[in-house]
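Here the structure is laid out as structure tokens; the discussion comes afterwards.
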Amino acid sequence: MVLDLIQRIFGKSCTCSKDVAKERLRLVLVHDRVNTSPQFMEGLKDDMIKVISNYMDINEQTMEVHFAQTETSVALIANIPVNRMKRGNGLKD
Amino acid sequence: MGDVIVITSGKGGVGKTTTSANLGTGFALLGKKVALIDADIGLRNLDVVMGLENRIVYDLVDVVEGNCRLKQAMIRDKRYESLYLLPAAQTRDKNAVNPDQMEKLCKELVQDFDFVIIDCPAGIEQGFKNAIAGADQAIIVTTPEVSAVRDADRIIGLLESEGKHNPKLIINRIRPHMVKKGDMMDIDDIIEILAIDLLGIIPEDDYIVVSTNRGEPAVANPVSGASTAYKNIVRRLLGENVPLMKIEANDGFFTRLKKVFNF
């Protein structure tokens, strides 16, 4: 307590509400940027299908991609039904 | 041919009108011919900030509707020879003008002026679309607050989708002592979040209130901190390489004492 007080007097401790501000902005902007651009999710889905299709056959009609938010993080959740795996030697490259 | 610059922000009250007035006056002080356009139809304010409210005869809507010639509506600022204001209409709304008309107006003005500066209304609706329509360049004004930075991010996205690339950022009303304490986002924090080029920073300055009271843009005052900041921005827009001004906390007694004893 006393140490804390002394530190505060000499400006060494940092309540740093700006870090809270930055973190909240980071999270809210993830949502804003996704939600305000309709092409964003479609573009992301199309690119994911392209890449994943190199490795497996997937059901594009029933796949789901969305963002899930908790208090402190945002996650990209993709639920992609797999029909069939391609053979390892069938891969390009 | 001059440049058409729109001053925008998304959020209201962050200093768009003050910035428009000061940049316009700053250019005029350097002898550039400037047209200020108040695009905030229905809520005009650039006229009072400039101290020209008593000289309005015609306005932007009169020009667009053909009630007068463009030159009749432009108010010449007697203090700065090369500065003109085209005021907004107060009795109409944003729908009285459309983006095509604004674009045409800007094209006409840019023939005659070195800089056309458009003071954009807050918001992202018709008024915003009108204000940006004729602009070659956008300047986004924000303050170091969550709400203002969030809206700035949205505006950057909207400008991008309207084909207005590479907007520049002005961070307004920075309070050095709060930044120092870690209670206000600093320049780097905001640039990291918005990821656009920084044009300048303006310290919080009581003189802005005084100058608005008087209708005399602060940039004309040689001693105010905001004035220096605006002058720097003007010079950068003219292509000069001007370092960012140092914004330092006005140290209190104890900080000075600490410096003396070196702890």
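Some notes on this structure:
- Dipole magnitude of chain B about its Cα centre (Cβ charges: Lys, Arg +1; Asp, Glu -1), debye to nearest 20: 680 debye
- Local electrostatic count at B:PRO99 - Lys and Arg +1, Asp and Glu -1, tallied over other residues with Cβ under 13 Å: +1
- Dmax and Rg, reported as Rg then Dmax, of the protein assembly as shown (C-alpha, Å): 25.0, 81
- Peptide-level mean, for B:176-182, of C-beta atoms on other protein chains within 10 Å: 3
- Degrees between helix B:16-29 axis and first principal axis of chain B (Cα, 0 to 90, nearest 10): 80 degrees
- Centroid-to-centroid separation of the stretch B:41-109 and the stretch B:10-32 [C-alpha atoms, Å]: 16 Å
- Over the stretch B:3-261, the fraction of Cα-Cα pairs per 10 Å bin, rounded to whole percents and listed from the shortest bin up, is 7, 32, 36, 18, 5, 2, 0, 0.
- Candidates per trypsin sites (Lys or Arg not before Pro) in the stretch B:67-168, loop by DSSP, up to 11 other Cβ within 10 Å: B:ARG69, B:LYS78
- Other residues whose C-beta falls under 15 angstrom from the C-beta of A:GLN69 contribute a net charge of 0, scoring Lys and Arg +1 and Asp and Glu -1.
- Angle in degrees between helix B:225-237 and the longest Cα principal axis of chain B, rounded to the nearest 10: 60 degrees
- For the protein assembly as shown, adding -39500 (n - 2.57) for each run of n ≥ 4 DSSP H residues and dividing by the number of residues yields -13000 deg cm²/dmol at 222 nm.
- Restraint check, B:LYS11/B:LYS164; B:LYS78/B:LYS107; B:LYS181/B:LYS231; A:LYS45/B:LYS168; B:LYS32/B:LYS71, Cα-Cα greater than 23 Å: B:LYS78/B:LYS107; B:LYS181/B:LYS231; A:LYS45/B:LYS168
- Sites excluded, GluC sites (Glu not before Pro) in DSSP loops with at most 12 other C-beta within 10 Å, longest stretch of chain B: B:126-239
- For B:VAL4, the residues whose modelled amide H falls within less than 5 Å of its own, excluding neighbours fewer than 5 places apart on the same chain, are B:VAL116, B:ASP136, B:GLN137.
- For peptides A:70-80, A:28-38, B:211-221, B:18-28, sequence by mean Cβ density within 10 Å, most packed first: B:18-28, B:211-221, A:28-38, A:70-80
- Cβ-defined net charge surrounding B:VAL209, 13 Å radius [Lys, Arg +1; Asp, Glu -1]: -2
Throughout, read-outs are computed from the coordinates displayed, never taken from laboratory work. Every value quoted in this text rests on a predicted model; they were computed, and no experiment measured them. Cβ sites come from the backbone with ideal geometry, for glycine too, and all protein chains shown count toward neighbours.
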